[in-house]
Structure formats: structure tokens, C-alpha cells
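What follows is a short report on a single structure.
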């Protein structure tokens with residue numbers, strides 16, 4: 001089977017013509033992060049590129065299987081300290097509370113703000129030029 005390529009970037013200027021879209025992920029080697037993008041749902045992955053179906057598998061394959069972004073830190077409901085932690089299963093940064101002062105990023109998958117969490121572990125979509 002054809003596997004996703006960690007070095008392949010999506011061609012956001014090309015479409016296979018279908019009006020059905022799908023979310024996929026690619027590895028940005030300069031940032032060493034997995035970026036979400038929307039593309040036409042094409043049947044020919046060899047021509048249009050096989051990309052990752054979820055960010056977690058992209059991170060494991062291309063960044064590191066030991067990436068802190070893969071280590072969700074749930075926290076407690078009644079903690080004093082607030083933060084955010086990225087959950088690769090859901091591709092969401094969840095608010096969390098911690099009983100002790102947390103070790104914030106880059107020490108652990110705990111962020112001071114939701115935006116910082118998304119910037120580090122779940123960068124926003126690369127946008128098709130026609131959608132701007």
C-alpha cells in the first residue's frame with residue numbers, strides 16, 4: 001500500500017475537480033510540525049499525494065513517536081492552576097486544571113493559553129489560494 005510521505009507538501013493550487021472535500025495533514029519540515037489542510041477528495045492518491053488522515057499519525061511518523069504533543073495531560077476538575085493540553089485523538093486543545101503548578105511547554109504538554117497549544121501541537125489549516 002502507498003504510505004504518506006513525510007517530505008511531500010500539498011499542492012493547494014491544484015484540484016482533481018471534485019466538489020467533495022476532506023481534511024488531511026502534512027509534515028512541514030521547516031517548522032517540524034504537522035499542518036492540517038483541506039483538499040478535494042481525489043481517488044488517485046499516487047498522482048495527488050497520499051497524506052495523513054489524522055495529525056497523531058503524522059506526528060508519530062514525521063516528528064517523533066516521543067513528541068510531547070502525543071502525551072495528553074488531562075488534569076483535575078478541582079485544580080487551582082489553569083492550562084490547556086492537546087489531545088491527538090480528538091485533535092483538540094482542552095482546558096484543564098491542575099492541583100500543582102504545572103510544568104508548562106516545552107517541558108510538558110501543558111500550555112498557558114489555548115492559542116499557544118494550537119500553535120505548538122495543532123497548527124491551523126494551510127488554505128487553498130482560491131478560498132482566501
Note on segment 58-79: residues assigned to a helix (DSSP H, G or I) and either in contact with a strand residue (DSSP E or B) (Cβ under 8 Å, 6 or more places away or on another chain) or free of Cβ contacts under 8 Å to residues at least 12 places away in the same chain (or both) are 58, 59, 60, 61, 62, 63, 69
Reported set for segment 93-111 where residues are surrounded by fewer than 14 Cβ atoms within 10 Å (Cβ to Cβ) and touching a strand residue (DSSP E or B) at 6+ places or on another chain (Cβ under 8 Å) is 95, 99, 100, 101
The residue from 50, 31 that alone is over 16 Å from the mean Cα position of the chain (by Cα) and part of a loop (DSSP other than H, G, I, E, B) is 50
Notebook entry, point to check: Do we have any residue at all in segment 115-130 that's modelled with pLDDT under 95, farther than 22 Å from residue 62 by Cβ and not in a loop (DSSP other than H, G, I, E, B)?
Noted result: yes
* Asked: Does residue 82 satisfy the criteria of being modelled with pLDDT of 95 or more and part of a strand (DSSP E or B)?
  -> yes
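The values are calculated or read from the model by the stated rules, or taken from the named source; none is laboratory data. The structure displayed is predicted, hence computed values, not measured ones. No Cβ is skipped: glycine too gets one built from the backbone with ideal geometry, and neighbour counts run over all protein chains shown.
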